[in-house]
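Notes for the one structure printed next.
Where a number appears in this text, it was derived from the coordinates with a stated rule and is not lab data. Small disclaimer: the values here were computed from a predicted structure and weren't measured. Glycine also receives a Cβ, built like all others from the backbone with ideal geometry; neighbour counts cover every protein chain displayed.
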């Protein structure tokens with residue numbers, strides 16, 4: 001136990017035979033349950049876990065017959081945590097990229113201050129730019145910005161960091177069967193936590209790379225996929241939180257902004273091409289395009305400001 005709280009470690013693992021035992025050996029003695037989810041591995045991941053189970057009774061192996069995605073694996077771990085009456089569930093991936101020395105700092109706000117969800121932020125480290133591969137750093141930054149807008153948690157960053165701690169209350173507040181099953185799971189979960197009015201805090205953690213981990217993630221593909229997911233999550237959150245549950249005028253500002261700005265931008269491009277290919281355009285048309293662009297930006301900025309103010313209380 002930690003601060004009188006029952007703790008579980010959820011370890012999603014897919015083809016992690018090389019590093020899974022290192023992860024399990026590094027977990028502190030005060031952790032009550034270690035839930036390893038073998039997400040359809042084709043290597044000896046399960047065998048390596050069973051070897052470790054012989055010397056550590058806290059370990060429980062859950063096997064997915066097929067690869068369902070890291071998000072689905074984490075949710076299986078959350079469900080098992082709830083079954084075991086766990087107070088706080090922490091995610092530590094099976095690739096040893098999460099430093100166990102950061103574990104206490106990650107759990108502390110949830111255990112002592114009542115924060116609903118904490119997540120690691122590797123970007124607080126001054127050497128993050130040097131340690132994290134450039135393409136992943138840039139891709140992460142893009143998704144972090146989009147996630148701020150989609151989730152309403154404007155104070156968080158490094159949204160792709162999977163090192164997280166979640167309270168029992170937050171796990172119960174989210175429909176775990178309806179969480180995005182793959183790599184975009186942390187982004188989707190943040191949106192769902194916001195709708196459930198859960199508090200979230202970033203905690204500095206150390207970035208770890210080049211220790212033998214193998215990543216099958218294609219950044220360009222992931223950014224496109226998760227961006228589409230975030231667009232859906234954004235509109236879903238607006239409807240759930242600001243229309244169905246409690247109406248807020250920022251819906252009008254977002255609506256007007258999302259109509260005016262694209263219309264003005266497209267009109268401006270058309271007039272620019274017309275000017276190059278055909279000849280001069282009327283001053284009225286140019287001014288109308290500029291008016292739409294400026295008005296649209298103002299509506300969007302006001303909507304974002306309203307959203308920030310409305311979610312201040314969720315800053316853990």
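Need one number: % antiparallel among DSSP beta bridges in the chain, to the nearest 5.
Details: 8 of 30 bridges.
Once the DSSP bridges in the chain are tallied, antiparallel ones form about 25 percent.
How far apart, in nm, are two points set 7 Å out from the Cα along the Cα-to-Cβ line at residue 126 and at residue 315?
Using points 7 Å along Cα→Cβ, the separation is 2.5 nm.
Would you mind listing how long segment 1-103 runs along its three principal axes, going by Cα atoms, in whole Å with the largest first?
39, 24, 24
For segment 1-148, give me the percentage of DSSP beta bridges that are antiparallel, rounded to the nearest 5 percent. Please list the in-between numbers first.
Values: 1 of 17 bridges.
Once the DSSP bridges in segment 1-148 are tallied, antiparallel ones form about 5 percent.
Mean projection of the alpha-carbon convex hull of segment 136-275 over all orientations, in nm²? Don't jump to the answer; show the numbers that get you there.
Values: hull surface 45.5 nm².
Projected over every direction and averaged, the Cα hull of segment 136-275 covers 11.4 nm².
Quote the relative contact order of segment 128-253 in percent (integer), defining contacts as alpha-carbon pairs under 8 Å separated by 6+ residues.
Relative contact order for segment 128-253 comes out at 33 percent.
Between segment 18-60 and segment 240-266, how far is it from one alpha carbon centroid to the other, in angstrom?
If we compute the Cα centre of each part, the gap is 47 Å.
Can you sort 43, 4 by how many other beta carbons sit within 10 Å, fewest first? List each step's numbers first, then the result.
On the way: 43 15, 4 7.
Going from least to most buried by this count: 4, 43.
What number does the chain give for Rg over Rh if you use C-alpha atoms and the Kirkwood radius?
1.06
Using a Förster radius of 22 Å, what is the FRET efficiency between residue 246 and residue 297 based on their Cβ-Cβ separation? Nearest 0.05, please. Don't skip to the end; give the middle numbers.
Details: r = 27 Å, r/R0 = 1.21.
Efficiency computed from Cβ-Cβ geometry: 0.25.
So if we plug the beta-carbon distance of residue 84 and residue 26 into 1/(1 + (r/R0)^6) with R0 = 22 Å, what FRET efficiency do we get, rounded to 0.05?
Working: r = 21 Å, r/R0 = 0.96.
Calculated value: 0.55.
I want to verify a result. In a Gaussian network model of the chain, Cα cutoff 10 Å, which of these has the top mean-square fluctuation: 58, 206, 122?
Among 58, 206, 122, the largest mean-square fluctuation in the Gaussian network model of the chain belongs to 58.
Which value in nm describes the separation of the simple spin-label points at residue 42 and residue 270, placed 7 Å from the Cα toward the beta carbon?
5.1
Could you compute Rg(Cα) / (2.2 N^0.38 Å) for segment 1-49, with N its residue count? Don't jump to the answer; show the numbers that get you there.
Working: Rg = 12.0 Å, N = 49, 2.2 N^0.38 = 9.7 Å.
That works out to 1.24 for segment 1-49.
Throw me the Rg/Rh for segment 51-142, computed over C-alpha atoms with Kirkwood Rh, two decimals.
Working: Rg = 16.0 Å, Rh = 16.0 Å.
Looking at segment 51-142, the ratio lands at 1.00.
When the helix-only estimate is applied to the chain (DSSP H runs of n ≥ 4, each -39,500 (n - 2.57), divided by the residue count), what is the mean residue ellipticity at 222 nm, nearest 500 deg cm²/dmol?
Numbers: 11 runs with 156 residues, N = 316.
So the calculated ellipticity at 222 nm is -16000 deg cm²/dmol.
For a footprinting-style exposure proxy, rank 50, 182 by other Cβ within 10 Å, fewest first. All intermediate terms of the calculation are to be shown ahead of the outcome.
Details: 50 13, 182 17.
By the 10 Å Cβ count, ascending, the order reads 50, 182.
Could you tell me the ratio Rg/Rh of segment 248-314? Both radii from Cα atoms, Rh via Kirkwood.
Numbers: Rg = 15.6 Å, Rh = 13.0 Å.
Here Rg/Rh amounts to 1.20.
Would you mind giving the three semi-axes, in whole Å and largest first, of the ellipsoid equivalent to segment 35-94 according to its Cα gyration tensor? All intermediate terms of the calculation are to be shown ahead of the outcome.
On the way: eigenvalues 66, 52, 14 Å².
Rounded to whole Å, the semi-axes are 18, 16, 8.
May I ask you to sort 78, 209 by Cβ crowding, counting other Cβ atoms within 10 Å and putting the fewest first?
On the way: 78 25, 209 12.
By the 10 Å Cβ count, ascending, the order reads 209, 78.
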